[in-house]
Amino acid sequence: MIRLNLVVQICLDRLVTPVWTVRALSTMSRMSSTEQHEVKPFESIPGPGGLYQWPLIGSLLNYKPFTRFTPETLHNFLNHMHDKYGPVVKLRLGSQVVVVCDPKDFETVYRNEGLYPKRTGFDLIAAYNKRNNVEPGLSQLQGEGWHALRSPINKRLMKVDSAAHYLQQHNQVADDLVKILATQNLSPEEVQKLFFRFSAESLAVVVFNKRLGLLEENPDKEALEFLNLSETVMNMIQKALFGKSIAHRWFRNSTYLKYEAAQNVVRRIAISRITQEKVKFEQMKTSGQFKEDHSNLLFSLLSETNLTIENVSNVMISLYFGGTESTSKYIPVFLYNLAKNPDKQNILRKEILNCMGQDDPLTTKALSQMPYLKAALKESFRLSFPSAVTSFRILPVDVVLGGYHVPAGVSIFMFGLRATRTHFENPDQYLPERWLRSEDKTLRDPAHSMIVLPFSYGPRNCIGQRFAMQLLYLAAVKILQRLDVRIHQDSVNGSFIYKPFIQARSPIGLKFTGVR
Ligand code: HEM
């Protein structure tokens, strides 16, 4: 996402200026004369100039060996840029982008994103889809094509109880996770891998209607192959995203070939599993067991007459990949914040044990009675924001951001992470209490509602957020119900990087011991 296709960038750069001139006039004419007077032109947005604005070279100059930053410490680089140039900065990150960090500007961006918000996809996936004649998935599509695929999923996944349908099965997966943590002495790397298996297993229940058995002592061969290939797919996307592979756009380089081989098998396995479920679905339909409002996502998508097996498989693959990496990376970060603040961990454990005891499964009722759990996760999102940039948009209209005119067609990055520090009291402390209502019913820390948006906002926000929250709550609840979480003394210095989701520079040494 961050390093856009350079060819497209160059074309965009050429296109943007003339479009801006025409649009600027029409937009400006809609403003009051005072506003027109105050708006500063796009050209005057501060930022590194000269060579730093050149296509390709400009982006490379931002990183090592020319600076102390790398794509993985993009957050530090953007903070440095805002310290130097102010709340609106123009620079090259692949294409020319405008970066904003004021929540009021986030609001303006979201308000103007239109019906089909545009966020460019991953060029490695685009190359694969084109070369293999595969229809693009949700995160790759734009415009009406995106809307046509997103709408049927939206109406099911954004429902309040969409994830709750899977809660019972997810409880079982979480129990298996806790059993392993309680009985095996795992290295930090093994713990990280275990969380990946937990997320993959939980999402498999949603996308394939089946557990894969990834938390069993000896998982079956196909399940393990699926897991290993999924990791390869994600690693290659990451490599391309951070500019460690560029040539895949023009020919099949080694990153592309590894991605293609892995993705071909992943797709074959996914399509074969979904085809098996289609047979079950047809039987249910014939026997009258299937109702229109069925809460099972896979069955309900299979019932859409305008979606082919290929469409449904693409959606499910998007969900599986969109969800596994992000959620598995965030579980140890949440646990890290609780382990570093044992007093908060104890308050949370007390709330959990009061609501559900040491053996009960997590239910929606119990969840509704746990305000501290929700505050603890929200505060973790604030203190350790899941992605370096909340998201980015290419708007269909001109806007004014921080007093500067930004033409339609320019990439706008919303750097929410900075606002999580600049808009709160005691920003470096983990204080779930700041999200709880005090007795006079006001929020203790009434921060702007556009700051802590881990799943972004608007019609193109994260479609899997209910599942992500469910899995994060479950992992924390089930672990704290039975185990105390501490950090190995010789581990972790709290230094996090983004690839593109947050993770500790080296796996966090979490220590799990039984609680009585
Ligand atoms: C902690 C976990 C997660 C985080 C922080 C996260 C965050 C995000 C963000 C910031 C976006 C971009 C939204 C925008 O541009 O407005 C996104 C998109 C997306 N996410 Fe998530 N996500 C998480 C988990 C999940 C899960 C569990 C799933 C699937 C079950 C999922 C599926 C997707 C998909 C398919 C998109 C693309 C949506 C579209 O383009 O229409 N994510 N996510």
* Structure fact -> Residue count, the stretch 473-499, condition within 12 Å of the ligand (Cβ to nearest atom) and surrounded by fewer than 21 Cβ atoms within 10 Å (Cβ to Cβ), comes to 0
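Taking the options Arg460, Arg418, name whichever one is crowded, with 20+ Cβ neighbours inside 10 Å and in contact with a Pro (Cβ under 6 Å, 6 or more places away or on another chain). Spell out how you get there, then give the answer.
Details: Arg418 fails: in contact with a Pro (Cβ under 6 Å, 6 or more places away or on another chain).
Result: Arg460 is the single residue among Arg460, Arg418 that is crowded, with 20+ Cβ neighbours inside 10 Å and in contact with a Pro (Cβ under 6 Å, 6 or more places away or on another chain).
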* Report, by residue number, each residue of the stretch 114-134 that is aliphatic (A, V, I, L, M) and farther than 16 Å from Ala262 by Cα. => Leu115
* Select, from Lys365, Lys378, the only residue that is open to solvent by 10 Å² or more (accessible area, probe 1.4 Å), closer than 22 Å to Phe424 by Cα and either out of contact with any Lys or Arg (no Cβ under 7 Å at 6 or more places or on another chain) or more than 15 Å from the ligand (Cβ to nearest atom) (or both). => Lys378
* To do: Go through the stretch 421-445 and give me each residue that's part of a strand (DSSP E or B) and open to solvent by less than 70 Å² (accessible area, probe 1.4 Å).
  => Leu443
* Please indicate, with yes or no, whether at least one residue in the stretch 457-472 is in contact (Cβ under 8 Å) with a residue 24 or more places away in the chain and on the phi > 0 side of the Ramachandran plot. => yes
* Structure fact -> Those residues of the stretch 379-398 that are over 19 Å from Val485 (Cβ atoms) and in a helix (DSSP H, G or I) come to a total of 1
* Asked: Name the pairs: first residue in the stretch 266-288 and within 24 Å of Asn132 (Cα to Cα), second residue not in a helix (DSSP H, G or I), Cβ to Cβ under 8 Å, at least 6 apart or on different chains?
  -> Arg267/Val134; Ala270/Phe208; Arg273/Phe208; Arg273/Lys210; Ile274/Phe208
* To do: Report yes if some residue within the stretch 251-273 is assigned to a loop (DSSP other than H, G, I, E, B) and open to solvent by 30 Å² or more (accessible area, probe 1.4 Å); otherwise report no.
  => yes
* Which of the residues belonging to the stretch 142-154 are open to solvent by 30 Å² or more (accessible area, probe 1.4 Å) and either touching a residue at least 40 places away in the same chain (Cβ under 8 Å) or near the ligand (Cβ under 8 Å from one of its atoms) (or both)? -> Asn154
* Structure fact -> Selection from the stretch 79-93 of residues surrounded by fewer than 20 Cβ atoms within 10 Å (Cβ to Cβ) and free of Cβ contacts under 8 Å to residues at least 40 places away in the same chain yields His80, Asp83, Lys84, Tyr85
* Only one of these is within 16 Å of the ligand (Cβ to nearest atom), of a type outside the set (D, E, K, R) and either surrounded by 20 or more Cβ atoms within 10 Å (Cβ to Cβ) or outside any helix (DSSP H, G or I) (or both): Phe467, Phe512. Name it. => Phe467
* Asked: Yes or no: Ala163 buried (at least 17 other Cβ atoms within 10 Å of the Cβ), in contact (Cβ under 8 Å) with a residue 40 or more places away in the chain, among the small types (Gly, Ala, Ser) and closer than 23 Å to Ile394 by Cβ?
  -> no
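Given the criterion of a type outside the set (Lys, Arg), more than 13 Å from the ligand (Cβ to nearest atom) and closer than 16 Å to Ala408 by Cβ, identify the matching residue among Val97, Val109.
Val97
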* Structure fact -> Filtering the stretch 210-230 down to residues that are open to solvent by 30 Å² or more (accessible area, probe 1.4 Å) and in contact with an Asp or Glu (Cβ under 9 Å, 6 or more places away or on another chain) yields Lys210, Arg211, Glu216
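The values are calculated or read from the model by the stated rules, or taken from the named source; none is laboratory data. Predicted model only: the values in this text are computed from it and were never measured. Cβ atoms come from the backbone with ideal geometry, glycine included; neighbour counts cover every protein chain shown. Side chains included, ligands, DNA and RNA excluded: accessible areas come from the protein's heavy atoms. Shrake-Rupley method; radii C 1.70, N 1.55, O 1.52, S 1.80 Å.
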